[in-house]
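Data first, discussion second: the structure below is written as structure tokens.
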Amino acid sequence: MNERVIVVSNRLPMGDNPSGGLVVSLHDVLAASGGCWIGAHPDAGSDDGRFEPIGETPYRRLAFRLSDAEVKNYYLGFSNSVLWPLCHRRADLVKISPGFTDAYRAVNRRVAEMIKGEITATDLIWVQDYHFIPLARELRRLGVPNRIGFFLHIPFPVLADLSILPSPESFAQDLTHYNLIGLQTRGDVARCLEMFRSDPRAEFMTDGSIKFADHVTRVRSFPIGIDVTSFRAQAAQDGKDPFGAASPEPFAIGVDRLDYSKGLPNRFRAFGRYLENRQDGIRPSLIQIAPPTRQGVQAYDDITEELQGLTGKINGQFAELDWTPIRFINRSVERSRLARLFRRARAGLVTSLADGMNLVAKEYVAAQSEDDPGVLILSRFAGAAEDMTDALLVNPYDIEDMAGAIDRAFRMDLSERRERHRACLECVINSRAGLWAENFLTMLRASVETLEMPPTPELHPQLN
Ligand code: ADQ
């Protein structure tokens with residue numbers, strides 16, 4: 001059997017070298033299976049119903065084009081102004097427009113038709129994220145019988161919030177066309193099962209799988225991770241000071257897309273409060289790297305402005321001629337430089353109000369030296385906190401709690417830092433990139449599209 005893996009995601013990796021966690025995880029799988037990665041071309045346009053090949057090695061990449069109207073209504077609209085805030089418990093930011101729903105369905109339908117022309121009977125199809133929830137249903141409508149898996153990178157929404165969707169009943173129904181639904185955490189699985197339990201159309205089988213009409217689906221958690229070895233190696237590169245001459249000491253670091261889910265305003269406020277309370281005379285800085293995303297969506301423009309205001313206020317209050325307390329950098333930083341910055345930082349700040357996993361938390365831990373590690377301050381609402389319980393866990397809504405954690409991180413003695421770091425690093429290694437993909441695909445292969453009981457495959461112990 002020549003089984004290929006076909007990955008579908010909104011973004012297509014364009015460079016030759018894998019960098020982000022998702023790309024690294026899938027790179028080897030695709031290269032080994034002779035499979036391909038299907039995703040949107042970064043430039044808007046029209047594709048006439050045919051994929052555009054982007055390079056042939058180490059695996060095929062096939063691009064579809066989104067028109068300007070589809071970028072507006074499908075990508076910025078339904079995906080990022082309805083589903084993203086809904087899943088991140090920001091129902092107040094949801095914007096509903098009939099144009100959004102139609103475009104979302106239409107893009108999923110069109111991409112399904114294009115995929116049908118590309119696949120063979122033995123291919124495994126692996127759909128990534130909330131941009132493509134209805135894709136399996138559209139593929140089934142076209143008669144595609146292949147095993148299809150889905151992985152949601154962001155939090156699974158709470159049941160009550162689903163009623164905000166224009167057609168809430170389709171959300172569960174769309175998902176049941178997948179043979180396997182992969183989620184980041186056990187908490188996400190619990191929310192997903194709650195949704196199915198409350199749906200009279202769904203029936204639970206004795207092995208926990210869900211029967212819906214004539215198909216069966218399973219829901220499991222597969223915590224995503226990073227390529228630990230390569231990130232550690234980049235962080236430990238000798239002789240390259242990420243700052244050049246002007247190195248602030250000590251400093252805490254935050255690295256995030258500029259998104260309201262990442263809790264940046266409260267992080268800045270907590271740093272300001274810490275500066276106000278501090279009694280030891282040190283002059284620490286917060287380096288915040290946050291490139292803008294999804295520009296043109298009001299909520300994103302608003303948060304950029306709010307952060308600029310807070311930076312000005314806190315720096316105005318505390319700065320000295322030779323000390324800038326908050327360095328707010330609105331750009332991307334090259335990965336190896338980022339790794340070296342993480343290693344130099346006394347504390348890593350992850351303060352998400354909601355987050356599927358948060359790979360920055362894992363990168364920060366991986367980058368530390370075992371002899372003299374920094375401290376991870378981690379929001380309870382990031383998926384990473386489910387297993388990384390030896391980080392300093394904080395409530396990102398509580399400014400005093402976070403200010404206290406920053407103070408504790410800067411003053412923590414070496415033996416406690418090492419102890420906490422050892423435990424966190426073990427979690428990072430146990431969920432490393434390759435295992436995530438391997439475990440998901442093992443489970444997907446073992447699933448069947450009939451009402452027969454699927455066998456339970458042997459998985460890596462992290463999935464107990
Ligand atoms: P994101 O919301 O993008 O991902 P995250 O998991 O933190 O969040 O991943 C961000 C990645 O981008 C990290 O690898 C980070 O190093 C990199 N990055 C961020 N800012 C950067 C900058 N300024 N310069 C360079 N690199 C930068 C979504 C979900 C998460 C989930 C991931 C993976 O929202 O919850 O963990 O997918 O499933």
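The values are calculated or read from the model by the stated rules, or taken from the named source; none is laboratory data. Just so you know, these numbers come straight off a predicted model, no measurement behind them. FYI the Cβ positions are ideal-geometry reconstructions off the backbone, even for glycines, and counts take in every protein chain you see. When the accessible area is computed, the model is the full protein with side chains, heavy atoms only, and any ligands, DNA or RNA have been set aside. Shrake-Rupley method; radii C 1.70, N 1.55, O 1.52, S 1.80 Å.
A few remarks follow.
- Helix 264-277 and the longest principal axis of the Cα set of the chain meet at an angle near 20°.
- Applying a DSSP loop filter and a limit of 16 other Cβ atoms within 10 Å to the trypsin sites (Lys or Arg not before Pro) in region 137-205 leaves Arg201.
- DSSP beta bridges in the chain [antiparallel fraction, %, rounded to 5]: 15 percent
- Dipole magnitude (debye, nearest 20) for region 228-431, charges at Cβ of Lys, Arg, Asp, Glu: 400 debye
- Accessible surface of the chain, 1.4 Å probe: 49 percent of it comes from carbon and sulfur atoms.
- Each label point was placed 7 Å from the Cα along the Cα-to-Cβ direction; for Glu118 and Glu194 their separation is 3.6 nm.
- Dividing the summed -39500 (n - 2.57) terms of all DSSP H runs of n ≥ 4 by the residue count of the chain sets its mean residue ellipticity at 222 nm at -11000 deg cm²/dmol.
- Within region 228-431, percent of DSSP bridges classed antiparallel, to nearest 5: 5 percent
- Electrostatic dipole magnitude of the chain [Cβ: Lys, Arg +1; Asp, Glu -1; Cα centre; debye, to 20]: 200 debye
- Accessible solvent surface per residue of region 258-337, calculated while the other protein chains remain in place, 1.4 angstrom probe, Å²: 48 Å²
- Between helix 186-197 and the chain: long-axis angle, C-alpha atoms, 0 to 90°, nearest 10: 40 degrees
- On Cα atoms only, tilt of 399-411 relative to the major axis of the chain in degrees: 60 degrees
- Förster-model FRET efficiency, 25 Å R0, Arg11 and Asp92, C-beta, rounded to 0.05: 0.40
- Compared with the alpha-carbon gap, the fully stretched path from Asn430 to Ala44 is longer by 135.1 nm at 0.36 nm per residue.
- For Asp413 and Thr293, the difference between the fully extended length at 0.36 nm per residue and the C-alpha to C-alpha distance is 39.4 nm.
- Sequence-distant residues sharing a close amide H with Trp126 (under 5 Å, placed H): Ile6, Val7, Val8, Gly149
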